[in-house]
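Colleague: Please see the structure below; I have some questions.
What follows draws every value from the coordinates through simple rules; no lab data is involved. Keep in mind that this is a model prediction, so the values were computed, not measured. Glycine gets a Cβ as well: all are built from the backbone with ideal geometry, and neighbour counts include every protein chain shown.
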Amino acid sequence: MADQANPFDSLQEQLDAAAEYVDARDDVLERLKHPERVLETTLSVELDDGSIELFDAYRSQFNGDRGPYKGGIRYHPGVTRDEVKALSGWMAYKCAIVDIPYGGGKGGIEVDPANYSESELERLTRAFAAELRPLIGEDRDIPAPDVNTGQREMNWIKDTYETLEHTTAPGVITGKALDSGGSEGRVEATGRSTMLTARETFAWLGRDLSEATVAVQGYGNAGSIAARLIDEQGGTIVAVSDSSGGIYDPEGLDAEAVADTKAETGSVVDHAGEEISNDELLTLDVDLLIPAALENAIDEALAHDVEADVITEAANGPITPAADEVLADKEVYVVPDILANAGGVVVSYFEWVQNRQRFSWTEERVNDELEAVITDAFDDLVEAHETNGTPTLRTAAYAVAIERVVDAYTQAGNWP
Ligand code: NAD
């Protein structure tokens, strides 16, 4: 990525920027800048050739004032303790801005899964699940997928937990396959909230998403589905990329066909279109830019060259705080990650509710309820932005979210 900003420092700076708009004591606000606890473990896993390999793994439980900790598990060689802490904090405030009854958590294993067989990844995942077992549970901490994890890993974690606990507890994890207790609409949910927040932002600005040109960095779960749903809304996807590079077509790419190419060959670069670099994609003159890869994609230097009017953050933490200031000065509207990609956690919440009720909703109901949650949260954010005159939409989102966490904490009182 372009910049090596420590994501945990970024989180704390974002919280400090919003704190001045929140009516709360400094000591209470300071408490909300640190995780409650972090599990750090070394997983010992047998490889297919019989040798043993060690993997560093983490689970951060950031804040549980509003409910059980909630957040994904990432498999990536760049996973660090500070990254997981930051991601867990973003989850706490994400759950608060969309007003679902969860706190924030996040986990990760420092691994490149592309280098391991399926059976090795299963043993790695089950080893992590066994370490997590005392900390997680339907009412305690509920993991979910993140970068390089999906239904397969969630099903293994659920099975490990249920086997060790001698019970059935599908709500211990979300993002499961349908037959293992997953929800309709979960796979699409993150991209759907990105599309919905983009649509609402353009409407708020008196514009129409159907007339927008769009560039998407990162073509995995979040990015490819956001692209397809925006394509369906009439927007023109002119550029997309993944870790191998990008493609550009000013006439518009067929988002679904690009996803098919990536599924077949492993990369979007094999699809027809002019090849461009990731930095070129991020600085294209488009109406809407969607960073959907990893943190720190847009740093201060790159921000000066960004030409998009609106950025909708499908990824977590893709813009450094210094870049945020540059973009605000240039009057680029940034819809923050804690709202733009909240669809994943909102439908995870719906999945958990269905698991607890042992009753499944239709896809139509899931999508309708998601749309209601996201549009309500967007309205809360805009109201906070206009009422308080916050410099950015991000600061407004954090102000609303922090206030909700502070209220829950204050009402419960400190312990012990
Ligand atoms: P994914 O693994 O499905 O996709 C990630 C994509 O980013 C891949 O196409 C990969 O090639 C690409 N990528 C990696 N490095 C890149 C680089 N340097 N330049 C360009 N592209 C690069 O992951 P995902 O689940 O789509 O997650 C992407 C982001 O969205 C992450 O920040 C994640 O935390 C966030 N997010 C995901 C969900 C979800 O439900 N999947 C929910 C909320 C937030």
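Colleague: Tell me what the chain gives for mean residue ellipticity at 222 nm when only DSSP H runs of n ≥ 4 count, each as -39,500 (n - 2.57), the sum divided by the residue total, rounded to 500 deg cm²/dmol.
Modeller: For the chain, the value works out to -14500 deg cm²/dmol.
Colleague: Across the range 29-40, in residue order, what do the Karplus-derived ³J(HN,Hα) couplings come to in whole Hz, using 6.51 cos²θ - 1.76 cosθ + 1.60 with θ = phi - 60° and x for Gly and Pro?
Modeller: Result, rounded to whole Hz: 5, 4, 4, 8, 9, 10, x, 6, 7, 9, 7, 10.
Colleague: If the reach is capped at under 15 angstrom between alpha carbons, list the aspartates and glutamates near Lys330, excluding any in the same chain fewer than eight residues apart.
Modeller: Asp285, Asp287, Asp299, Glu300, Asp305, Glu307, Asp309
Colleague: In addition: Relative contact order for the range 189-340 using alpha-carbon pairs under 8 Å, separation at least 6, rounded to a whole percent?
Modeller: Computed over the range 189-340, the figure is 23 percent.
Colleague: Can you divide the C-alpha Rg of the range 37-180 by 2.2 N^0.38 Å and report the result to two decimal places?
Modeller: Values: Rg = 14.4 Å, N = 144, 2.2 N^0.38 = 14.5 Å.
Compactness ratio reported: 0.99.
Colleague: Now a separate question. Loop-only check: which GluC sites (Glu not before Pro) in the range 272-340 are DSSP coil with at most 15 other Cβ within 10 angstrom?
Modeller: Counting only loop positions with at most 15 other Cβ atoms within 10 Å, the GluC sites (Glu not before Pro) in the range 272-340 are Glu307, Glu331.
Colleague: List the trypsin sites (Lys or Arg not before Pro) within the range 1-85 that DSSP assigns to loop and that have no more than 12 neighbouring Cβ atoms inside 10 Å.
Modeller: Arg25
Colleague: When averaged across all projection directions, what area in nm² does the alpha-carbon convex hull of the range 189-340 cover?
Modeller: Projected area, direction-averaged: 7.6 nm².
Colleague: Which lysines have a Cα lying under 21 Å from the Cα of Lys106, excluding residues fewer than 8 positions away in the same chain?
Modeller: The reachable lysines, counting only those whose Cα sits under 21 Å from Lys106, are Lys33, Lys70, Lys85, Lys94, Lys158, Lys176.
Colleague: Run the reach check for Lys262 against aspartates and glutamates, Cα to Cα strictly under 18 Å, same-chain hits fewer than 8 apart removed. What comes back?
Modeller: Hits, sequence-local ones excluded: Glu188, Asp231, Asp242, Asp249, Asp254, Asp270, Glu274, Glu275.
Colleague: Something else about it: Determine the percent antiparallel among the DSSP beta bridges restricted to the chain, to the nearest 5.
Modeller: That works out to approximately 50 percent antiparallel.
Colleague: Let me ask something else about it. How big, in percent, is the set of alpha carbon pairs in the chain lying more than 33 Å apart? Kindly include the intermediate steps, with their values, before the conclusion.
Modeller: On the way: 24577 of 86320 pairs.
The answer is 28 percent, as a whole percent.
Colleague: Please report Rg (one decimal) and Dmax (integer) in Å for the Cα set of the range 102-240.
Modeller: Every Cα atom of the range 102-240 included, Rg and Dmax give 18.1, 56 Å.
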